[in-house]
1. Which condition does PRO66 not pass, out of (1) of a type outside the set (Asp, Glu); (2) in contact with a helix residue (DSSP H, G or I) (Cβ under 8 Å, 6 or more places away or on another chain); (3) surrounded by fewer than 17 Cβ atoms within 10 Å (Cβ to Cβ), if it passes all the others?
2. Name the one entry in PHE107, PHE83, PHE113, PHE96 that is surrounded by 12 or more Cβ atoms within 10 Å (Cβ to Cβ) and in contact with a Cys (Cβ under 9 Å, 6 or more places away or on another chain).
3. Which pairs do you get when a residue that is at negative phi, found in the range 54-65, comes within reach of a residue that is of a type in the set (D, E, K, R), reach meaning Cβ atoms under 6 angstrom, with the pair 6+ apart or on two chains?
4. Which pairs turn up if I take residues in the range 106-118 that are over 14 Å from THR63 (Cα atoms) and look for partners that are in a helix (DSSP H, G or I) with beta carbon separation below 8 Å, at least 6 apart in sequence or on another chain?
5. Go through (1) at pLDDT below 90; (2) hydrophobic (A, V, I, L, M, F, W, C); (3) closer than 25 Å to ASP120 by Cβ for VAL48 and report which single condition fails.
6. Across the range 33-74, what is the total count of residues that are of a type in the set (Gly, Ala, Ser) and either in contact with a Lys or Arg (Cβ under 6 Å, 6 or more places away or on another chain) or not in a loop (DSSP other than H, G, I, E, B) (or both)?
Amino acid sequence: MGAPKGNQFAKDSGQGRPKNFETPQDWKEAIQRYFDWCDQNPIIRNEVVKSGQEAGRILPVPTVRPYLLEGLCDFLDISVQSFADYEKNETHKDFFQVSAWARNKVFSQNLTFGYTGAFDAGLVARKLGIADKQEIKAEMEKSLISLSVGSDTLNLSGGKK
């Protein structure tokens, strides 16, 4: 049996659950709070003094906290899929520019610090999908190995059959 006439069950229903952020401006302000938090909360690395009177002493060294989409999603208490919805989903189309700005800011910060050595360049390249990929292929057609002990010789061959 269907729903009764005049019901309000489907009123204001979109696809999935309602947006966490009502306007693109709310979305941008929340994202900016994450970037500000990263900037104000560096990661503290412990480094050992290697020489001099202080040798062996452990010093706390603040290092740049990388912007990460996963970190942004954790900070905003949303899933990575929800971020993708704000980027691409028809029900969130007004949020596209802000989402693209956030993704670009993450990419730019990671790439910049990867270039300067503040972040591991290889890790950044893989994370951003710009790693240098090389395919190495080796084939052995035929090999011959001779082992000699005194006057005895053993020949071994291998390769493709």
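1. (3)
2. Values: PHE107 fails: in contact with a Cys (Cβ under 9 Å, 6 or more places away or on another chain); PHE113 fails: in contact with a Cys (Cβ under 9 Å, 6 or more places away or on another chain); PHE96 fails: in contact with a Cys (Cβ under 9 Å, 6 or more places away or on another chain).
Sole residue among the options that is surrounded by 12 or more Cβ atoms within 10 Å (Cβ to Cβ) and in contact with a Cys (Cβ under 9 Å, 6 or more places away or on another chain): PHE83.
3. LEU59/GLU47; VAL61/ARG45; VAL61/GLU47; THR63/ARG45
4. Partner pairs satisfying both residue conditions: VAL106/LEU69; VAL106/LEU72; LEU111/VAL124; TYR115/ALA121.
5. Evaluating VAL48 over (1) at pLDDT below 90; (2) hydrophobic (A, V, I, L, M, F, W, C); (3) closer than 25 Å to ASP120 by Cβ leaves (1) as the failure.
6. So in the range 33-74, the residues of a type in the set (Gly, Ala, Ser) come out as 51-52, 55-56, 71.
Filter once more, keeping what is either in contact with a Lys or Arg (Cβ under 6 Å, 6 or more places away or on another chain) or not in a loop (DSSP other than H, G, I, E, B) (or both): 71.
Of the residues in that region, 1 qualify.
Let's see how each residue does on (1) at pLDDT below 70; (2) within 41 Å of the chain's Cα centre (by Cα):
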{"residue": "LEU128", "(1), (2)": "no, yes"}
{"residue": "ALA131", "(1), (2)": "yes, yes"}
{"residue": "GLN134", "(1), (2)": "yes, yes"}
{"residue": "LYS137", "(1), (2)": "yes, yes"}
{"residue": "MET140", "(1), (2)": "yes, yes"}
{"residue": "SER151", "(1), (2)": "no, no"}
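The values are calculated or read from the model by the stated rules, or taken from the named source; none is laboratory data. Quick caveat: nothing in here was measured; it's all calculated off a predicted structure. As a convention, Cβ positions derive from the backbone with ideal geometry for all residues, glycine included, and neighbour counts pool all protein chains shown.
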